[in-house]
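Novice: Starting off with a structure, shown below.
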Amino acid sequence: MFSLVVLMILGCLSQEAWSCTCGPRHPQSVFCDSPVVFRGKFIGQKDCAEREHWTEFEVKATKIIKAPKEFDDIQFVYSPKMESLCGYQHPSSNKSEEFLVAGSIVDEKVYINSCSFVVPWATLTLGQKRGFLQVYAKHCDCQVKQCFSVPCAVDSPLQCLWTDPLMRRKSVYASHQATTWACVNKGDNMCIWNSLKSRTYANSNATAQ
C-alpha cells in the first residue's frame, strides 16, 4: 500500500496520467494493512497549499481506531485531485455523516485515494463494526487469502480462504464472509473463520453504533 501511494505522489509531481485499478479486500485485510483507521466526518475540502494537484480534506475524527501515537487527533487527510491519479472524490455533502476511513501515512500526513476503504459508518453491518472496533486488531497475524477462481487453497495454516469474490456480486463487501466472519487465531498457529456474531457482542452493541 505504501509503495502505491509513493508511486502516486511521483505521478502527481510529474503530471503523468495513471490509471487506477482497485481489487477487493476483506475488511480485516483493510484494517490490518492500513496504518490509520478512524471514524469521522468530512467537514470541508480545499486545494492543498503544500503540494500542487492535491486536495486537502478537513475531517473531524470522532474515534481513532488505529494510528501511531502522534496521530491522536486527525484533522486533515490528503488525496490527489485528479481521478486519473486515483484521486478520492468524496460522495457526500452531509457534514454530519460519519465514515469509516482507512488510510496510509506519507510525509507524516494521512493519505487516501480512490482505492481506499472509505465507507459510511451506517452502511457497515454490526459484525463489521465489531470487527473494526474489537476483533481485527487481535488477529492481524492471520491472513485472508483471496480466491478469484477455482481451484484455490491456502498456503499456510495462518490463512483463511476468502471465497466471496467467486460469487461475482456487485460488492464483495456485502457478501457473507466480508460481513459476518473474521479470520482468527485459535491457537497452535492455526487461523480459522469465526463468526462476528456472538452473545457477548449482542450485549455490547452500543459500542458499535
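The values are calculated or read from the model by the stated rules, or taken from the named source; none is laboratory data. If you're wondering where the values come from, they're calculated on a predicted model, not measured in any experiment. Cβ coordinates were reconstructed from backbone atoms using ideal geometry, including for glycine residues, and neighbour counts include every protein chain displayed. These area figures cover heavy atoms from the full protein model, side chains too; ligands, DNA and RNA do not enter into them. Shrake-Rupley method; radii C 1.70, N 1.55, O 1.52, S 1.80 Å.
Novice: Please determine, by comparing only the residues of region 54-73 that are β-branched (V, I, T) and under 20 Å from A137 (Cα atoms), which one is nearest to the chain's Cα centre (by Cα).
Specialist: By that ranking, first place goes to I65.
Novice: Let me ask something additional. Sort out which residues of region 104-116 are surrounded by fewer than 21 Cβ atoms within 10 Å (Cβ to Cβ), out of contact with any Gly (no Cβ under 9 Å at 6 or more places or on another chain) and at negative phi, and write them in order of number.
Specialist: I105, V106, K109
Novice: Could you look through region 43-53, keep only residues that are part of a strand (DSSP E or B) and in contact with a Ser or Thr (Cβ under 7 Å, 6 or more places away or on another chain), and pick out the one that is nearest to A137 (Cα to Cα)?
Specialist: Per the stated criteria, the residue is Q45.
Novice: Something else now. How many of the residues in region 133-164 are open to solvent by less than 60 Å² (accessible area, probe 1.4 Å), in contact with a strand residue (DSSP E or B) (Cβ under 6 Å, 6 or more places away or on another chain) and either outside any loop (DSSP other than H, G, I, E, B) or not aliphatic (A, V, I, L, M) (or both)?
Specialist: Residues flagged as open to solvent by less than 60 Å² (accessible area, probe 1.4 Å), in contact with a strand residue (DSSP E or B) (Cβ under 6 Å, 6 or more places away or on another chain) and either outside any loop (DSSP other than H, G, I, E, B) or not aliphatic (A, V, I, L, M) (or both) within region 133-164 amount to 10.
Quick grid of which residues meet (1) at negative phi; (2) open to solvent by 80 Å² or more (accessible area, probe 1.4 Å); (3) at pLDDT below 80; (4) not basic (K, R):
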{"position": "F2", "(1), (2), (3), (4)": "yes, yes, yes, yes"}
{"position": "C12", "(1), (2), (3), (4)": "yes, no, yes, yes"}
{"position": "E16", "(1), (2), (3), (4)": "yes, yes, yes, yes"}
{"position": "P27", "(1), (2), (3), (4)": "yes, no, no, yes"}
{"position": "V30", "(1), (2), (3), (4)": "yes, no, no, yes"}
{"position": "V37", "(1), (2), (3), (4)": "yes, no, no, yes"}
{"position": "K41", "(1), (2), (3), (4)": "yes, no, no, no"}
{"position": "A49", "(1), (2), (3), (4)": "yes, yes, no, yes"}
{"position": "T55", "(1), (2), (3), (4)": "yes, no, no, yes"}
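Novice: Tell me which residues, restricted to region 81-102, are open to solvent by less than 10 Å² (accessible area, probe 1.4 Å), within 17 Å of L133 (Cβ to Cβ) and not aromatic (F, W, Y).
Specialist: Once the filter is applied, which keeps residues that are open to solvent by less than 10 Å² (accessible area, probe 1.4 Å), within 17 Å of L133 (Cβ to Cβ) and not aromatic (F, W, Y), region 81-102 yields L100, V101, A102.
Novice: Scan region 68-113 for residues that are in a loop (DSSP other than H, G, I, E, B) and of a type in the set (G, A, S) and report the count.
Specialist: Qualifying residue count for the region: 4.
Novice: Within region 123-132, work out how many residues are farther than 15 Å from A102 by Cβ, open to solvent by 30 Å² or more (accessible area, probe 1.4 Å) and not hydrophobic (A, V, I, L, M, F, W, C).
Specialist: Looking only at that region, the number is 2.
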